[in-house]
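Scroll down for the structure; my scribbles are underneath it.
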Amino acid sequence: MRRWVLALVAAVTVGLVIADDACRCGSNQPTSTRTLTVRFTYKAVVPNIPHDAKVVELWLPLPSDSEWQTVRDVQVSSPVPHRITQEQKFGNRMVYVRDEERGTKDALEVAVNFVVERKEVRVLGGDGQVVKTCSCSPNCNCAHCRANRTLVNLSLKPETLVPVGGRFLTIAQEVTQGKKTMLEKVKALFEHVVATMQYDYKRESPKLGEGDVAFICDFRKGNCSDLHSYLISLARSLGIPAYLEYGFPIAGIPLPDPLPKEGKIGGYHCWTWVYDEQIGWFPLDASDARRWLDAGKPEVKDFLFGNLVLERSAVAFSRGRDIVLNPPQKGQPLNYFIYPYAEADGKAVKVEWELSYKLQDASQPLN
């Protein structure tokens, strides 16, 4: 554990971003990274299906490739035909199953197995040194630039539980008073959230994980979804694009040493991505920053401005809120899409899930 923290301290003091001649708008490639290769098995069970149900539909999240991760060897186990689909708003992938042959079956079980090769996300050095990595002109119309502009626009808009403006603009302006650059403003917002919000270890919040910004602003306690939703509301209120990304960790805080080679994952983790025209997209993990601070490791808190701890972000699954699945669900848009969702004859039904991992490879191991 001590060796790992010392490695983080060293990383914080060095700028790790280099230019990339390819068209990778908003992309940042570090000179060197740690990597994890992990095999995941994600199982979803729809239990106790009503006997009169004619159609049962299940949507199971599936991660996508990005500059930070490669997903391969996807295998789906399903009693009925399936297909892999992608929703239009954020591009989140999923395994979709439609069971129209219910018979006497009272449950539906689907599992997906896949391997993720994940790089450690490092974008900002301790001194904020960055290099713009996109070689395109501001008016470039290549596919990557178009997609990036779409994401930037989405990341400025309010969502059902994430308001923009009003009270949150006032707070954001007070927090960033005197700050001139975008990076200085984002750092001030990050420090504000870490300093004023508590992580809800005892799960006392009646709205835990909902990301209800109006509630969390007053309650001042929540999980990663809550703290980051508040941060996103403040950033968007200042015209700074920001969105939430959901994934899974394979370790808690503090990290175990050595890291277990396999195990079951108890719940999701999430972090924020922020966009700057000069820097591109960079991550913030204010929630884990709060937790590392509580654990007596302020240096890791500082590292999480512009970077992510690999074991805590071992796979990214989905991003955004107010999600309409593909094909669309009959119910309301989902607040987020990290767990399986199911409907029987168009009505939401309970889904049980289990996610396990098996470590295939880890560069620069912790022990």
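Quick note: the coordinates plus some simple rules give every number you see, no bench work behind them. As the structure is a prediction and not an experimental result, all values here were calculated from the model. Because the Cβ atoms are built from the backbone with ideal geometry, glycine has one as well, and the counts that use them run over all protein chains shown.
Return the distance in nm (one decimal) between the two label points of a simple spin-label model at Thr181 and Ala348, each offset 7 Å from Cα along Cα→Cβ.
Modelled inter-label distance: 4.3 nm.
Hey, with R₀ at 35 Å, roughly what FRET efficiency would Lys330 and Arg167 work out to, going by the Cβ-Cβ distance, to 0.05?
Calculated transfer efficiency: 0.55.
Among Trp271, Gly296, Ser64, whose Cα projects farthest towards the positive end of the dipole of the chain, with charges put on the beta-carbon of Lys, Arg (+1) and Asp, Glu (-1)?
Working it through, the farthest residue towards the positive pole turns out to be Gly296.
Using the alpha-carbon centroid of each, what span in Å lies between segment 169-243 and segment 247-284?
After rounding, the separation between the Cα centres reads 18 Å.
Rounded if a/c is under 1.5, else prolate if a/b is larger than b/c, else oblate: which is segment 243-344, with a ≥ b ≥ c the root eigenvalues of its Cα gyration tensor?
Judged from the Cα gyration tensor, segment 243-344 comes out oblate (a/c at least 1.5, b/c at or above a/b).
Most exposed first by the Cβ proxy, i.e. fewest other Cβ within 10 Å, how do Asp65, Asp212, Asp322 rank?
Asp65, Asp322, Asp212
What length, rounded to one decimal in nm, is gained on full extension from Ala195 through to Ile253, with 0.36 nm per residue of separation minus their alpha-carbon distance?
That works out to 19.0 nm of additional length.
Could you work out the mean projected area of the convex hull around the alpha carbons of segment 34-73, in square nanometres to one decimal?
Spelled out: convex hull of the Cα atoms, projected over all directions, averaged, 4.3 nm².
Hey, what angle do you get for helix 2-12 against the long axis of the chain, alpha-carbon based, 0 to 90 degrees rounded to 10?
That works out to roughly 60 degrees.
With springs only between Cα atoms under 10 Å, which of Leu244, Leu255, Leu234 fluctuates most in a Gaussian network model of the chain?
Maximum among the listed residues: Leu255.
If you take the Cα Rg of segment 154-250 and divide it by 2.2 N^0.38 Å, with N the number of residues, what do you get?
1.03
How large is the dipole of segment 259-348 about the Cα centre if only Lys and Arg carry +1 and Asp and Glu carry -1, each at its Cβ, rounded to the nearest 20 debye?
About 300 debye.
Please rank Asp99, Asp73, fewest neighbouring Cβ atoms within 10 Å first, as an exposure proxy.
Asp73, Asp99
Rounded to the nearest 10 degrees, what's the angle between the helix 143-154 long axis and the longest principal axis of the chain, both from Cα atoms, 0 to 90?
Tilt relative to the chain: about 90 degrees.
Across 20 Å bins from 0, what is the distribution of all Cα-Cα pair distances for the chain, in whole percents?
28, 59, 12, 0
What angle, in degrees between 0 and 90 and rounded to the nearest 10, separates the Cα long axis of helix 224-237 from the longest principal axis of the Cα atoms of the chain?
Between the helix axis and the principal axis of the chain, the angle is about 60 degrees.
Taking the simple approach of a point 7 Å from Cα along Cα-to-Cβ for both Lys202 and Lys221, what is their distance in nm?
With each label point 7 Å from Cα toward Cβ, the separation is 0.6 nm.
For segment 232-367, please report how many Lys pairs fall under 17 Å Cα to Cα, leaving out neighbours fewer than 8 apart on the same chain.
4
For the chain, what is the charge dipole size about the Cα centre, in debye to the nearest 20, if Lys and Arg each add +1 at the Cβ and Asp and Glu each add -1 at the Cβ?
The calculated dipole for the chain is roughly 320 debye.
Mind listing the phi-derived Karplus ³J(HN,Hα) values for segment 171-182, rounded to whole Hz, using 6.51, -1.76 and 1.60 with θ = phi - 60°, and x for any glycine or proline?
Using θ = phi - 60°, the values come out as 4, 4, 5, 5, 5, 9, 4, x, 7, 9, 8, 4 Hz.
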